[in-house]
Amino acid sequence: MIPGLWPGIFLTGSACHAAFLYLAAVMSKEIVVSGIRSTGYLHLGNYFGAMRNYVRMQDDFNCYFFVADYHALTTHPDPKLLRENVYRVVAENVACGLDPEKVALYAQSDIPEIPELYLMLNMLAYKGELEKVPTFKDKVRSQPDNVNAGLLTYPVLMTADILIHKGVKVPVGKDQEQHVEMARNFANRFNSRYGETFPEPYPFNYSDQLIKIPSLDGAGKMSKSENVNATIYLADDDDLIRKKVMKAKTDAGPTEHNSEMPDYIQNIFQLMNLVSSPETTETFKAAYNGCTIRYGDMKKQLAEDMVNFVRPIREKSMALQQNPSQIAKILKEGAEKARESSSKTIADARKKIGINYY
Ligand code: TYM
């Protein structure tokens, strides 16, 4: 019999072998990191672009998911609302199926190693490249009175969020693709200056493409702060969902068989694909191709399927929000798990840079 040490106890023979296999499996799990800004109510775009993947990934990967409350400060939110916003994001994530026992679910501001790594990475990020980022340029256009340095270095903070756990898979929607690409560049830049430290992070989605969930008016995407009447929020009640869906942009319908779909009709089919049964979507597709489609009926069906999809999430989230001490516990335990990993990474980064004086 071969004696082996397993958390403080002696194991023998096959038990020892199984334990080592388990340990190897945990250690070999790829690291996943992603965050959601606490800037408003979460919507179907957040769900299908990000949270649906979080939930699927939690069993197979070593996952770190957080509320990006520092990122939210770029828009100077009311301090009185901060806690409520953070708690709601946590509750909505749990309501969507995230299990805080399986993942680290925490607030970005609870991890002091993140701003420390952000500072280090800022020395490797250049003004010119940051000014060219499309999301920064959009903000310069949309809020010219508040073009703060936090907005400019937004992708650097995102990089710190990811690299602090040496994350490799980053489940995000299409709109975050370029930010993750920048994180990859900054990781490589750090490595070539200070030696191999960080793996390259990549955006992730279970299908082969990153997702963008369109708004119901056919003009843009679902968003926490824009297109609010054309965005379905996870907190919307049944009637509001019906009202929003029935207002979705349509037209008089096709006049030729198998004609190409305008964008706004494709959008409605995309949404139907996500919440309705495949048979339902196929029936309406056949009706479209045969020029017999009635968009009123299609929207009614879509509205009911959306109501049925959102209702259990909304109810679970509201119930959890009634219990703030449970949310506080989730955040505290999540921060403990996240700090275990982030403290190791920051020690490594400091050493590589040469910050180890005594
Ligand atoms: P945020 O808070 O805007 O969005 C959270 C997640 O939801 C996705 N998303 C969408 N996906 C598809 N269609 C949509 N209409 C849609 N709207 C939002 C986003 O792509 C994102 O995955 N900067 C990030 C937060 C962040 C982060 C990070 C993400 C901070 N640090 C590190 C990953 C890794 C943001 O503002 O996401």
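The values are calculated or read from the model by the stated rules, or taken from the named source; none is laboratory data. Bear in mind that the values here come from a model prediction, so they are computed numbers and not experimental data. Here the Cβ is made from the backbone with ideal geometry for all residues, glycine too, and neighbour counts use every protein chain on show. When the accessible area is computed, the model is the full protein with side chains, heavy atoms only, and any ligands, DNA or RNA have been set aside. Shrake-Rupley method; radii C 1.70, N 1.55, O 1.52, S 1.80 Å.
Within the range 48-60, how many residues turn out to be under 19 Å from Val180 (Cβ atoms) and either open to solvent by less than 30 Å² (accessible area, probe 1.4 Å) or modelled with pLDDT under 95 (or both)? Walk me through it before giving the result.
Residues of the range 48-60 that are under 19 Å from Val180 (Cβ atoms), as a first pass: 48-54, 56-57.
The next check asks that each one be either open to solvent by less than 30 Å² (accessible area, probe 1.4 Å) or modelled with pLDDT under 95 (or both); those that pass are 48-51, 53-54, 57.
Number satisfying all stated conditions: 7.
Going through the range 160-176 one residue at a time, which ones are more than 8 Å from the ligand (Cβ to nearest atom) and either assigned to a helix (DSSP H, G or I) or farther than 15 Å from Thr345 by Cβ (or both)? Talk me through it step by step, then tell me what you get.
Of the residues in the range 160-176, the ones more than 8 Å from the ligand (Cβ to nearest atom) are 160, 163-166, 168-169.
Ala160, Leu163, Lys169 - these are the residues of the range 160-176 that are more than 8 Å from the ligand (Cβ to nearest atom) and either assigned to a helix (DSSP H, G or I) or farther than 15 Å from Thr345 by Cβ (or both).
Yes or no: the range 270-280 includes at least one residue that is over 28 Å from Thr39 (Cα atoms), surrounded by 16 or more Cβ atoms within 10 Å (Cβ to Cβ) and under 28 Å from the mean Cα position of the chain (by Cα).
Within the range 270-280, one or more residues are over 28 Å from Thr39 (Cα atoms), surrounded by 16 or more Cβ atoms within 10 Å (Cβ to Cβ) and under 28 Å from the mean Cα position of the chain (by Cα).
Pick from the range 217-246 the residues that are touching a Leu at 6+ places or on another chain (Cβ under 7 Å) and farther than 12 Å from Gly45 by Cα: which of them is surrounded by the fewest Cβ atoms within 10 Å (Cβ to Cβ)?
Once the filter is applied, the top-ranked residue is Lys244.
On the basis of being open to solvent by less than 20 Å² (accessible area, probe 1.4 Å) and closer than 30 Å to Tyr87 by Cβ, does Ile327 make the cut? Walk me through how you get there before you give the answer.
Numbers: open to solvent by less than 20 Å² (accessible area, probe 1.4 Å): yes; closer than 30 Å to Tyr87 by Cβ: yes.
So Ile327 fits the description; yes.
Scanning the range 40-58 for residues that are hydroxyl-bearing (Ser, Thr, Tyr) and touching a strand residue (DSSP E or B) at 6+ places or on another chain (Cβ under 9 Å), which turns out nearest to the ligand (Cβ to nearest atom)? Lay out the reasoning, then the answer.
Going through the range 40-58, the residues hydroxyl-bearing (Ser, Thr, Tyr) turn out to be 41, 47, 54.
Subset that is touching a strand residue (DSSP E or B) at 6+ places or on another chain (Cβ under 9 Å): 41, 54.
Values: Tyr41: 11, Tyr54: 9 Å.
Result: Tyr54.
Starting from the range 188-206, take each residue that is closer than 15 Å to Val168 by Cα and list its partners that are open to solvent by 60 Å² or more (accessible area, probe 1.4 Å) and part of a loop (DSSP other than H, G, I, E, B), counting only C-beta distances under 7 angstrom and pairs at least six apart or across chains.
Asn188/Glu200
If the Cβ limit is 6 Å and pairs must be 6+ apart or interchain, which residue in the range 30-44 that is acidic (Asp, Glu) pairs with which residue that is more than 8 Å from the ligand (Cβ to nearest atom)?
Every condition considered, the pairs that remain are Glu30/Phe61; Glu30/Val168; Glu30/Lys169.
Looking only at the range 107-127, decide whether some residue is open to solvent by 20 Å² or more (accessible area, probe 1.4 Å) and closer than 17 Å to Gln326 by Cβ.
Among the residues of the range 107-127, at least one is open to solvent by 20 Å² or more (accessible area, probe 1.4 Å) and closer than 17 Å to Gln326 by Cβ, which makes the answer yes.
Can you find, within the range 196-209, the residue that is farthest from the ligand (Cβ to nearest atom) among those that are touching a strand residue (DSSP E or B) at 6+ places or on another chain (Cβ under 6 Å) and open to solvent by 30 Å² or more (accessible area, probe 1.4 Å)? Let's see the steps before the verdict.
Going through the range 196-209, the residues touching a strand residue (DSSP E or B) at 6+ places or on another chain (Cβ under 6 Å) turn out to be 201, 203-204.
Add one more test, that the residue is open to solvent by 30 Å² or more (accessible area, probe 1.4 Å), and what stays is 203-204.
Working: Pro203: 8, Phe204: 10 Å.
The residue in question is Phe204.
Answer with yes or no whether Gly334 is within 30 Å of Ile164 (Cβ to Cβ) and either open to solvent by less than 40 Å² (accessible area, probe 1.4 Å) or in a loop (DSSP other than H, G, I, E, B) (or both).
Details: within 30 Å of Ile164 (Cβ to Cβ): yes; either open to solvent by less than 40 Å² (accessible area, probe 1.4 Å) or in a loop (DSSP other than H, G, I, E, B) (or both): yes.
It is true that Gly334 is within 30 Å of Ile164 (Cβ to Cβ) and either open to solvent by less than 40 Å² (accessible area, probe 1.4 Å) or in a loop (DSSP other than H, G, I, E, B) (or both).
Tell me the residue from Val90, Val133, Val147 that is modelled with pLDDT of 95 or more, surrounded by fewer than 24 Cβ atoms within 10 Å (Cβ to Cβ), under 21 Å from the mean Cα position of the chain (by Cα) and among the β-branched types (Val, Ile, Thr), please. Show your work before the answer.
Working: Val90 fails: surrounded by fewer than 24 Cβ atoms within 10 Å (Cβ to Cβ); Val147 fails: under 21 Å from the mean Cα position of the chain (by Cα).
Criteria check complete, one pass: Val133.
Restricting to the range 159-188, count the residues that are touching a Gly at 6+ places or on another chain (Cβ under 8 Å), open to solvent by less than 20 Å² (accessible area, probe 1.4 Å) and more than 21 Å from Glu113 (Cβ to Cβ).
Total meeting the criteria: 2.
Restricting to the range 310-324, name every residue that is of a type in the set (A, V, I, L, M, F, W, C) and open to solvent by 50 Å² or more (accessible area, probe 1.4 Å).
Let us first name the residues in the range 310-324 that are of a type in the set (A, V, I, L, M, F, W, C), namely 310, 313, 318-320.
Correct list: Met318, Ala319.
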